[in-house]
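Colleague: Questions regarding the structure given below will be posed in turn.
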Amino acid sequence: MSLRSTVDFLLHDWLHVDTLNQRERFADHSRETFDAVLDTCERIARDKFAPFNRTVDIEEPQFDGEKVVLPQATYDARVAYAESGMLSAAQDYDIGGMQLPYTVESAANAFFACASVSIGAGMLTVGNANLLMAHGTERQKQVFALKEFAGDWAGTMCLSEPQAGSSLSDIATRATPDGEGFEADPLGPRYRLKGNKMWISTGDHELTENIVHLVLAKIPGPDGKTIPGVKGISLFIVPKKLVDAQGALTGERNDVALAGLNHKCGWRGPVNTLLNFGEGKYPVRGAGLDGKGAGAIGYLVGRPGEGLRCMFHMMNEARIGVGMAATMLGLAGYYASLDYAKTRSQGRPLGPAGKDPSQPPVRLIEHADIKRMLLAQKAYGEGALALGLYCARLVDELHTGDESQQHQAQWLLEVLTPIVKSWPSEWCLEGNSLAIQIHGGYGYTRDFPVEQYWRDQRLNMIHEGTHGIQAMDLLGRKVLLDKGRGLQILSERIQTTIALADRHRESVEDHRESVEDHREPTEGHREPTEGHREPTEGHRERSEAISLQTHALALQQAWTDVVQATQAAWQGDDPALSLANAVPYMQAFGHTVLAWVWLDVALASQGEGDANHGRRQACQFFFQYELPKIGAWLKVVNSRDSTCADMPESAF
Ligand SMILES: Cc1cc2nc3c(=O)[nH]c(=O)nc-3n(C[C@H](O)[C@H](O)[C@H](O)COP(=O)(O)OP(=O)(O)OC[C@H]3O[C@@H](n4cnc5c(N)ncnc54)[C@H](O)[C@@H]3O)c2cc1C
């Protein structure tokens, strides 16, 4: 099935996004306006992104000593994306937005990620501008965010430093007030920043006339010391080129210098940089006491010490965005390997008499093992897409729902955000590996796209919180918050799906009985003898309803096991041991969540036709081949297994 038909099904038949139009914010929208957005994005992705996915991989960004050099395709794709209006799709009409639901925005962006995640489509710029809309002053919104939404300027997120990645409390970048009257600057309290930021995506380029860096730094107290931990972190706007209070460029270059590029394994389209702030390469408005520059000029966003809180305010959407990128890479690999398996011939089928060498070879897709690898990719990719759009829908509930919907969405997002980011990152990577496997030796060459998908994908378990950090966030914080409120609400949703599977079975049985009760034997009609009975639509429905109910029982058991393991992990008084198996816990949690999603999707796929059949089969695959894996993961969590924790360094 095409990506478009899958997206349409999930949006309309499963998530019923059209009902969002009953809310005031989305009242002007309809199925037609949603379709028009998807059509436009699909077209631009096909014309400006897909043909250049390999180009941006081969022609990776270069630094010529002055400027970053990027392929022309990156410029063209960026212009096309900005002109589509997608940078400001979710914003209010009065600032040029479309007031599009986030669910539809996420679905529309999926086409770009499937065509070329590597070229990138403004995720950082939108995240940066959204943050300013939530936490900036009116002037900061007008001057910086609106320019970003219009596509004139780009945005970055500067959190990481060479010595501080997962542990942001150890950042060394410092911000000091910029002289007398620093607080009165119309652009926000003005500071001078000094420090180094590592891994900054799109940190320098000529794609836009300016770049708005959002930078985390600590403000030392009068004694020169900073508050330890994350409480001491503040957030600053540091533009590459300075602007006046109306947002016009002043002609001054800020002291943000490109120190070098990181040469990546994959996802090579966006330049990745080490940036030096305030080291005197571009001294601005004064030489500083040491004569090496007074520091890069930055404007405080929010209050001092609230930098990480502001950044994390945008976390749900950023992490859904990473999960969706991982998902689309997974699906891109699936579509490529499906095409390949349909055309390449290899081997002969095994009959009762063994292989018949006189017969022509069959296509790969006719082998059960190839179907296994295709079904796994379908189950991972389409399951992850369903989860991503479900979480996007929760973001819409959070922003526009009534009080109860907002409450539920907030708690569900607490527990589902680590999953929506991590699960596709891990399992769609496995999917990308299977896509290579289906191609055999050809998959290991650059003549086919699947090796690039794997390399591009490999980033997703590392950025936006590594896999290990996500797992500790889930088991160490999210499931414990407010006595497990998030778990409880998720549990209610899972029970609803289980009850739906029971009702579905009952209604199929009722229907069957009533059909049989009313069947009039017609003249000349004879019941087929036992053993020759053709499977009818009614029989198919019944046996599938039984298997969905069996899956519901398996889901019930899996969820009970996950909840019990959550309690078992926290027995005892050693949190280090409780969290030692956080990743296996997250794997089991994630697989159970995906089993729930698949059961719910399968229940919505009851009609005839290949698309519904395919979804029901992928659901079946997930319950038969994937869900049973949770037993091994939960075993070490339940027993608080200390094999890894106990291993002495010297014994490695
Ligand atoms: C291509 C790319 C783009 C990026 N873009 C940006 C960007 O735009 N802006 C930005 O600010 N950052 C960016 N990053 C940085 C990214 O967020 C970090 O790489 C990530 O946070 C991990 O930090 P680190 O690389 O220093 O690894 P480390 O923090 O050193 O982690 C190394 C390993 O140790 C594990 N680990 C760390 N601490 C613990 C612990 N307490 N307990 C158990 N295990 C632990 C981790 O899970 C990981 O497996 C990017 C990174 C890459 C590779």
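Colleague: Of all the accessible heavy-atom surface of the chain, with the other protein chains kept in place and a 1.4 Å probe, what percent is carbon and sulfur?
Modeller: That share works out to 52 percent.
Colleague: Now for a separate question. Are any of the pairs Lys67/Lys264; Lys231/Lys264; Lys67/Lys231; Lys197/Lys225; Lys197/Lys231 more than 28 Å apart by Cα-Cα distance, and if so, which?
Modeller: Numbers: Lys67/Lys264 19 Å; Lys231/Lys264 32 Å; Lys67/Lys231 36 Å; Lys197/Lys225 21 Å; Lys197/Lys231 19 Å.
Distance filter (> 28 Å) returns Lys231/Lys264; Lys67/Lys231.
Colleague: Okay, moving on. Helix by helix through the chain, keep the DSSP H runs that span 30 Å or more along the axis on Cα and average at least 0.0 on Kyte-Doolittle, and give those back in order. It would help to have the intermediate numbers written out before the result.
Modeller: On the way: long enough: 315-343 (42 Å, 0.34); 368-400 (47 Å, 0.26); 403-439 (51 Å, -0.23); 481-518 (55 Å, -1.01); 537-569 (47 Å, -0.45); 582-603 (31 Å, 1.10).
Answer set is 315-343, 368-400, 582-603.
Colleague: What lysines could a cross-link reach from Lys629, if we take a straight Cα to Cα line under 30 Å and drop same-chain neighbours fewer than 8 places away?
Modeller: Cross-link targets: Lys342, Lys371, Lys378, Lys421, Lys478, Lys483.
Colleague: Rounded to the nearest 10 Å², what accessible area does His367 have for a 1.4 Å probe in the complete protein model?
Modeller: Result for His367: roughly 50 Å² accessible.
Colleague: Sort largest first and round to whole Å: the equivalent ellipsoid semi-axes of region 317-399, each the square root of five times a Cα gyration tensor eigenvalue.
Modeller: After scaling each eigenvalue by five and taking roots: 40, 11, 7 Å.
Colleague: Based on alpha-carbon centroids, what's the gap between region 58-77 and region 436-504 in Å, whole number please?
Modeller: Cα centroid of region 58-77 versus Cα centroid of region 436-504: 33 Å apart.
Colleague: Next question. Let's test this: bin the Cα-Cα distances of region 286-436 at 5 Å from zero up to the farthest pair and state each bin's percent.
Modeller: 2, 9, 13, 11, 10, 10, 9, 8, 7, 7, 5, 4, 3, 2, 1, 1, 0, 0
Colleague: Report relative contact order for region 327-466 in percent, whole number only (criteria: Cα-Cα under 8 Å, sequence separation at least 6).
Modeller: On the way: 172 pairs, mean separation 44.9, N = 140.
Reported as a whole number, the value is 32 percent.
Colleague: Treating the chain as a set of equal point scatterers at the Cα positions, no solvent, please give the Debye-formula log₁₀ I(q)/I(0) at q = 0.06, 0.11, 0.12 Å⁻¹.
Modeller: For the requested q values the scattering log ratios are -0.37, -1.18, -1.36.
Colleague: So who's got an amide H within less than 5 Å of the one on Val69, skipping anything under 5 residues away but keeping other chains? H placed 1.01 Å off N, in plane.
Modeller: Amide H neighbours of Val69, under 5 Å, 5+ apart: Gln62, Phe63, Asp64.
Colleague: Report relative contact order for region 216-263 in percent, whole number only (criteria: Cα-Cα under 8 Å, sequence separation at least 6).
Modeller: Values: 42 pairs, mean separation 12.1, N = 48.
It comes to 25 percent, rounded to a whole number.
Colleague: What accessible area per residue, rounded to a whole number of Å², is obtained for the chain using a probe radius of 1.4 Å?
Modeller: Values: 28880 Å² over 652 residues.
On a per-residue basis, 44 Å².
Colleague: Another question, then. Just read off the accessible area of Met133 with the full protein assembly in place, 1.4 Å probe, to the nearest 10 Å².
Modeller: Accessible surface of Met133 is approximately 60 Å².
Colleague: Still on this structure, I have one more. Report, by chain and number, residues whose modeled amide H sits under 5 Å from the one on Glu161, excluding near sequence neighbours (fewer than 5 apart, same chain).
Modeller: Amide H neighbours of Glu161, under 5 Å, 5+ apart: Met198.
Colleague: When a/c is below 1.5 the answer is rounded, else prolate if a/b is larger than b/c, else oblate, so apply that to region 190-337 with a ≥ b ≥ c taken from the square roots of the Cα gyration tensor eigenvalues.
Modeller: Values: a/c = 2.12, a/b = 1.54, b/c = 1.38.
In terms of gyration-tensor shape, prolate.
Colleague: Please report, in debye to the nearest 20, how large the charge dipole of region 3-98 is about its Cα centre when each Lys and Arg carries +1 at its beta carbon and each Asp and Glu carries -1 there.
Modeller: It works out to roughly 120 debye.
Colleague: Could I ask something else about it? Given contacts defined as C-alpha pairs under 8 Å and at least six residues apart, what's the relative contact order of the chain, whole-number percent?
Modeller: Values: 1089 pairs, mean separation 71.0, N = 652.
Relative contact order for the chain comes out at 11 percent.
Colleague: Report the one residue of Ser547, Gly65, Leu235 whose Cα lies farthest in the direction of the positive end of the charge dipole of the chain (charges on C-beta: Lys and Arg +1, Asp and Glu -1; origin at the Cα centre).
Modeller: Result: Gly65.
Colleague: Ratio of Rg to Rh for region 341-383, alpha carbon only, Kirkwood? The partial results should precede the final answer.
Modeller: Values: Rg = 12.8 Å, Rh = 11.5 Å.
Radius of gyration over Kirkwood radius for region 341-383 works out to 1.11.
Colleague: Over what distance in Å are the Cα centres of region 232-284 and region 163-217 separated?
Modeller: Answer, in whole Å: 8.
Colleague: Please work out how much accessible surface Arg493 shows to a 1.4 Å probe, ignoring ligands, DNA and RNA, in Å² rounded to 10.
Modeller: Surface open to solvent at Arg493 totals about 70 Å².
Colleague: Add -39500 (n - 2.57) for each DSSP H run of 4 or more in the chain, then divide by its residues: what number comes out at 222 nm, to the nearest 500 deg cm²/dmol? Let's see the in-between values first.
Modeller: Details: 20 runs with 313 residues, N = 652.
The helix contribution divided over the chain gives -16000 deg cm²/dmol.
Colleague: How long are the three semi-axes of the equivalent ellipsoid for region 8-48, computed from the Cα gyration tensor as the root of 5 times each eigenvalue, in whole Å, largest first?
Modeller: Details: eigenvalues 97, 33, 7 Å².
Working from the Cα gyration tensor, I get semi-axes of 22, 13, 6 Å.
Colleague: Do any trypsin sites (Lys or Arg not before Pro) in region 193-239 lie in a loop, going by DSSP, with at most 10 other beta-carbon atoms within 10 Å of their beta carbon, and if so which? Display every interim value, and only then the final one.
Modeller: Values: sites: Lys194, Lys197, Lys218, Lys225, Lys231; in loops: Lys225.
Taking region 193-239 and a limit of 10 other Cβ atoms within 10 Å, the loop trypsin sites (Lys or Arg not before Pro) found are Lys225.
The values are calculated or read from the model by the stated rules, or taken from the named source; none is laboratory data. Since the model is a prediction, treat every value here as computed from it, not as a measurement. For neighbour counting, all protein chains shown are included, and Cβ atoms are generated from backbone atoms with ideal geometry for every residue, glycine included. Surface accessibility is based on the protein's heavy atoms, side chains included, excluding ligands, DNA and RNA. Shrake-Rupley method; radii C 1.70, N 1.55, O 1.52, S 1.80 Å.
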